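> One structure is given below, represented as structure tokens, and several questions about it will come after.
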Amino acid sequence: MSINILGILIDFGLVVLIWIVQLIIYPSFTFYNHKNLVLWHKKYTRLIAYIVGPLMVGQLALSLYHCITETEPYQLLKLILIIFVWVITMLQFVPLHNRITKNEFDHKVLLSLVQKNWSRTILWTFILFIEYLFI
């Protein structure tokens, strides 16, 4: 499998995953009672990390590789967007998920998770579009 195909598969996997999270998983959190959400959330975050972690690391690694081996401007744009997704994830989403895990949340926190996740949804969709456009 070529490295370009692998990159598209990873980008596509992240886009499918983020749209499922945005439209189904995060909104479903509001239907749980507090106790059940805390219990489920601990399991969910552990399991989803097995999927999203390798995809995010793979996407970043391939993007860095492309920026080093190619001189295409779109590769640099893609890397910047990927780094931005990582920063948003670490600064916004890790703290929100930690609040849920520690049972320090209310309905506003759950709604904020959905609202703020639009940024990652749009960014990952745009990253896939860039990759598809320039392959």
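> 7 Å from Cα along Cα→Cβ at both VAL109 and ILE3: what's the point-to-point distance in nm?
Simple spin-label model gives 4.2 nm for this pair.
> Work out the length of the dipole vector of the range 58-135 about its Cα centre, built from +1 on the beta-carbon of each Lys and Arg and -1 on the beta-carbon of each Asp and Glu, and round it to the nearest 20 debye.
340
> In square angstrom, what is the accessible area per residue of the chain with a 1.4 angstrom probe?
With all protein chains present, the chain gives 58 Å² per residue.
> Mind listing the phi-derived Karplus ³J(HN,Hα) values for the range 123-135, rounded to whole Hz, using 6.51, -1.76 and 1.60 with θ = phi - 60°, and x for any glycine or proline?
Per residue, the Karplus-derived 3J(HN,Hα) values read 4, 5, 5, 5, 4, 4, 4, 4, 4, 5, 5, 9, 6 Hz.
> On to the next question. Do you know the Lys pair count in the chain for C-alpha distances under 28 Å, with sequence separation 8 or more or different chains?
Lysine pairs satisfying the spacing and distance rule in the chain number 13.
> Separate question: Which value in Å is the Kirkwood Rh of the chain over different Cα pairs?
Across the chain, the inverse of the average 1/r is 15.8 Å.
> Tell me, what HN-Hα J-couplings in whole Hz come from the Karplus equation 6.51 cos²θ - 1.76 cosθ + 1.60 at θ = phi - 60° for each residue of the range 61-73, using x for Gly and Pro?
Computed from phi, the couplings for the range 61-73 are 4, 5, 5, 4, 4, 5, 5, 6, 9, 10, 10, 6, x Hz.
> Right, another one. Tally up the carbon and sulfur contribution to the accessible surface of the range 1-64 as a whole percent, 1.4 Å probe, everything protein left in place.
Answer for the range 1-64 is 76 percent, counting heavy atoms of protein chains only.
> As I understand it, the value is the acute angle between the Cα axis of helix 3-20 and the longest principal axis of the Cα atoms of the chain; what does it come to in degrees, rounded to 10?
On a 0 to 90 degree scale, this one is about 20.
> A further question on this structure: Using the Cα centre as the reference, give the magnitude of the dipole from point charges on the C-beta atoms of the chain (Lys, Arg: +1; Asp, Glu: -1; all else neutral), rounded to the nearest 20 debye.
Roughly 720 debye for the chain.
> Using only C-alpha positions, report the orientation-averaged shadow area of the convex hull of the range 16-77, nm², one decimal.
Computed as one quarter of the Cα hull surface, the answer is 5.3 nm².
> Stokes-Einstein at 20 °C, 1.002 mPa s, Kirkwood radius from Cα pairs: D for the range 76-135 in µm² s⁻¹?
Value of D from the Cα-based Kirkwood radius: 169 µm²/s.
The values are calculated or read from the model by the stated rules, or taken from the named source; none is laboratory data. Just so it is clear, the structure is predicted and the values come from calculations on it, not from any experiment. Glycine gets a Cβ as well: all are built from the backbone with ideal geometry, and neighbour counts include every protein chain shown. Note: accessible area is taken over every heavy atom of the protein model, side chains too, but ligands, DNA and RNA are not part of it. Shrake-Rupley method; radii C 1.70, N 1.55, O 1.52, S 1.80 Å.
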